[in-house]
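Asks: My questions all concern the structure below.
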Amino acid sequence: MRTHSRKWLCLLLLIARAATAAPQAQLQLPGFESLAAQASESVNITLDSNLLGLAARFLDSNKPEDAAARELIGGLKGIYVRSYTFDRDFTYPSADVERVRKQLSAPGWQRVVEVHSRKEQANVDIYILMDQGKANGLALISSEPRGFTIVNIVGSIDLQKLHRLEGHFGIPRLPLDEKPSPTP
Amino acid sequence: MSNDFDQQLRDALRPVDPDESFTRRVMSRIANEPTRSRRPQRARWACVALAASVLLGIVIFHHWQLQREQHGIEARNQLIEALRVTGEKLDIAYRAINEDSHPGAGESSRT
């Protein structure tokens, strides 16, 4: 009886360890409810796997934009977007953004792009979650004087497909095949 | 001629009282008539109820389908919007990298 309990305990510990060791592709994004009222434009999108599946059924394959979207979301489990734009320079709660950024310092996440555009006055960081050699998540944080955007894509991301989206949705060719810079 | 015909018609159609046995025959026939079962009436109600249920089911299904379609279109629009926002930000990164790779521009920095 005692041996049996020990076995169960070991099994539970193993499961718990596996659960904590597995890198989390889905980030805990703050609600930013208070910002929506102050923003001139706000986008708050939460598409889990069910909604993605539902959306896929309503994509028109005859439209190139829809066809490209269908191809991209094939292996995805969720897309989460929080984007706020303000009419004037606005001090948004950077602590919330930093909290998101902190989650990206977890093992598995790699920052592949970190750019500062002086022209756009924007900092854009792109992170990819690598799991067993595959990209299983993508996070993008863009901060500008008059707004910020956080995008979290969960699931198996085919970077080649992302490349092929060039020309759709304004997605350009990205240097994703370059060696990623280590996370600081 | 006409009067004769009228008379003939009147004679033919004159009221005649039924004989005494008429009432008896009618009553005996009523007595011998098998009692009508209520089953056909019940069956009729069952059919009405079934038809009403089917109709209600169709209405509910149609409503559910409409709602699902509405949610689907909304989800599709959200997906396109999410990809548009992502694309917009990737474009900023792309342009900044491009500017960086052309030293003449020198307007951005990249890690």
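The values are calculated or read from the model by the stated rules, or taken from the named source; none is laboratory data. If you're wondering where the values come from, they're calculated on a predicted model, not measured in any experiment. Cβ coordinates were reconstructed from backbone atoms using ideal geometry, including for glycine residues, and neighbour counts include every protein chain displayed. Accessible surface areas use protein heavy atoms only, side chains included; no ligands, DNA or RNA. Shrake-Rupley method; radii C 1.70, N 1.55, O 1.52, S 1.80 Å.
Asks: May I ask you to derive the FRET efficiency for B:Gln67 and B:Met27 from their Cβ-Cβ distance with R0 = 51 Å, giving the value to the nearest 0.05? Numbers along the way, then the final one.
Replies: Numbers: r = 64 Å, r/R0 = 1.26.
Between B:Gln67 and B:Met27 the formula returns 0.20.
Asks: From the phi of every residue in the stretch B:48-58, what ³J(HN,Hα) in whole Hz does the Karplus formula 6.51 cos²θ - 1.76 cosθ + 1.60 yield, where θ is phi - 60° and glycine or proline is x?
Replies: 4, 5, 5, 4, 5, 5, 4, 4, 4, x, 5
Asks: Still on this model: Please compare each pair in A:Lys63/A:Lys102; A:Lys63/A:Lys134; A:Lys63/A:Lys119 to a cut-off of 31 Å on the Cα-Cα distance and tell me which ones are over it. It would help to have the intermediate numbers written out before the result.
Replies: Numbers: A:Lys63/A:Lys102 39 Å; A:Lys63/A:Lys134 29 Å; A:Lys63/A:Lys119 33 Å.
Pairs exceeding the cut-off: A:Lys63/A:Lys102; A:Lys63/A:Lys119.
Asks: Let me ask something additional. Assuming R0 = 41 Å, what is the FRET efficiency of B:Ile60 and A:Gln121, from their Cβ-Cβ distance, to the nearest 0.05? Write down the numbers at each step before the final one.
Replies: Numbers: r = 54 Å, r/R0 = 1.32.
Here the calculated transfer efficiency is 0.15.
Asks: Shape verdict for the stretch B:2-110, please, from the Cα gyration tensor: rounded (a/c under 1.5), prolate (a/b greater than b/c) or oblate. List each step's numbers first, then the result.
Replies: Values: a/c = 18.99, a/b = 4.15, b/c = 4.58.
It is oblate, given that a/c is not under 1.5 and a/b is not larger than b/c.
Asks: Once you list every other residue whose beta carbon is under 11 Å from the beta carbon of A:Ala95, what net charge do they have if Lys and Arg are +1 and Asp and Glu are -1? Spell out each step's value before the answer.
Replies: Numbers: positive: A:Arg99, A:Arg101, A:Lys102; negative: A:Asp96, A:Glu98.
Every neighbour counted, the sum reads +1.
Asks: Using a probe radius of 1.4 Å on heavy atoms only, what accessible surface per residue do you get for the stretch A:17-148? Whole Å² is fine. Spell out each step's value before the answer.
Replies: Numbers: 6770 Å² over 132 residues.
Roughly 51 Å² per residue, with all protein chains present.
Asks: Could you check the spin-label model distance between B:Asp6 and B:Asn77? Points 7 Å from the Cα along Cα→Cβ, value in nm.
Replies: 8.6
Asks: While we're looking at this one, here's another question. Can you give me the Cα centroid spacing of the stretch A:77-110 and the stretch A:29-56 in angstrom?
Replies: One Cα centre to the other: 13 Å.
Asks: Right, next: So who's got an amide H within less than 5 Å of the one on A:Ile157, skipping anything under 5 residues away but keeping other chains? H placed 1.01 Å off N, in plane.
Replies: Hits under the 5 Å cutoff: A:Ala135, A:Asn136, A:Gly137.
Asks: Quote the relative contact order of the stretch A:23-165 in percent (integer), defining contacts as alpha-carbon pairs under 8 Å separated by 6+ residues. Walk me through the numbers before you get to the answer.
Replies: Details: 249 pairs, mean separation 39.8, N = 143.
Answer for the stretch A:23-165 is 28 percent.
Asks: Could you report the buried accessible area between A and B, both sides summed, computed with a 1.4 Å probe and given in Å² to the nearest 100? Intermediate values should be presented prior to the final figure.
Replies: Details: alone 12040 and 11120 Å², together 19670 Å².
Roughly 3500 Å² of accessible surface disappears when A and B pair.
Asks: Within 10 Å, Cβ to Cβ, of A:Ala25, how many net charges do the neighbouring residues add up to if Lys/Arg are +1 and Asp/Glu are -1?
Replies: Values: positive: A:Lys77; negative: A:Asp131.
It works out to a net charge of 0.
Asks: Scan around A:Ala122 for amide H atoms under 5 Å from its own, H built in the peptide plane at 1.01 Å from N, and keep only partners 5 or more places away or cross-chain.
Replies: A:Ser117
Asks: Out of the total accessible area of the stretch B:2-110 (probe 1.4 Å, heavy atoms of protein only), what percent is carbon and sulfur? Working shown, then result.
Replies: Numbers: 5120 of 9040 Å².
Result for the stretch B:2-110: 57 percent of the exposed heavy-atom area is carbon or sulfur.
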